[in-house]
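S.K.: Quick one: structure below, then a few questions.
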Amino acid sequence: MSFVAECPAPAFRQLRDSDVDAAVAILDAAAEWLLARGIRQWTTTYPRELYQRAQERGENFGLFDDDRVVAIVTVTSAPPEWEAELRGHEVRWITKLAVAADCHGYGFGRQLAQEVLEHLRREGAPRAWLDCRNGPLVAFYESLGFERITNKVVEFATGPLDVVLMKSNL
């Protein structure tokens with residue numbers, strides 16, 4: 001007789017200060033992976049001091065397999081490039097969703113996105129917002145229930161990007 005042991009599902013929780021180094025390493029590796037493939041989703045690595053500020057505000061979350069962070073996300077306020085489009089809306093902004101390089105292909109990004117949406121529902125948020133480069137990620141977020149609102153070319157310090165504003169009603 002054989003059996004398959006069930007592994008516990010990764011757990012979603014707010015990052016602790018002791019998780020920040022691992023989270024920043026995931027962000028750095030994700031940016032390098034994208035840039036090495038010519039994918040201009042993130043045009044540079046994210047500054048640690050900005051990530052640390054988000055940590056101090058309690059905005060960083062992760063998906064944990066045992067005690068190891070395997071995916072990260074930040075929930076914050078809207079970025080300035082969408083100020084005009086979001087004026088008058090209550091905004092819970094999802095950003096910096098990234099999966100550890102050796103954990104790609106296991107569905108952790110999808111699971112983390114679903115977990116953060118459920119977290120926002122429990123908080124009573126009416127909707128979640130995000131943006132992404134106009135490309136394959138749009139379909140990924142649409143599969144999670146996000147709808148495309150608009151797109152525009154945004155000028156970043158590293159050059160222009162065609163980005164799509166998306167929302168999910170919770």
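S.K.: How big is region 45-143 in terms of Cα radius of gyration and Dmax, in angstroms?
M.R.: For region 45-143, the Cα radius of gyration and maximum Cα-Cα distance read 13.9, 42 Å.
S.K.: Along the charge dipole of the chain, pointing to its positive end and built from +1/-1 on Cβ of Lys, Arg, Asp and Glu, which listed residue (GLN55, ILE39, ALA23) has its Cα farthest out?
M.R.: The listed residue farthest towards the positive side: ILE39.
S.K.: Report the gain in length on full extension from ASN134 to LEU170: 0.36 nm times residue separation, minus Cα-Cα distance, nm rounded to one decimal.
M.R.: My answer for the length gained is 10.6 nm.
S.K.: Between ASP162 and HIS104, with labels modelled 7 Å along Cα→Cβ, what's the label distance in nm to one decimal, could you check?
M.R.: 2.3 nm
S.K.: How would you rank 69-77, 13-21, 53-61, highest first, on the average number of other Cβ atoms within 10 Å across their residues?
M.R.: Details: 69-77: 22.0, 13-21: 14.0, 53-61: 16.8.
Descending mean neighbour count gives 69-77, 53-61, 13-21.
S.K.: With everything on Cα atoms, drop me the angle between helix 20-36 and the longest principal axis of the chain, reported from 0 to 90° to the nearest 10.
M.R.: The answer is roughly 60 degrees.
S.K.: Can you give the charge dipole size of the chain about its Cα centre, rounded to the nearest 20 debye, using +1 on the beta carbon of Lys and Arg and -1 on the beta carbon of Asp and Glu?
M.R.: Taking the Cα centre of the chain as origin, the dipole is about 400 debye.
S.K.: Turning to a different aspect of this structure: Stretched out fully, how many nm does the piece from GLU155 to SER143 gain, at 0.36 nm a residue minus the Cα gap?
M.R.: 1.6 nm
S.K.: Compute and list, largest first, the equivalent-ellipsoid semi-axes of the chain from the alpha carbon gyration tensor, each √(5λ) rounded to a whole angstrom.
M.R.: 26, 19, 17
S.K.: Given the -39500 (n - 2.57) contribution per DSSP H run of 4+ residues, what per-residue ellipticity at 222 nm results for the chain, rounded to the nearest 500 deg cm²/dmol? Mind showing how you got there, number by number?
M.R.: Details: 5 runs with 54 residues, N = 170.
My calculation for the chain gives -9500 deg cm²/dmol from helical runs alone.
No value in this document is a laboratory result; all are computed from the given coordinates. What you see is a predicted model; the values in this text were computed from it and never measured. Cβ: placed from backbone, ideal geometry, glycine included. Neighbour counts: every protein chain shown.
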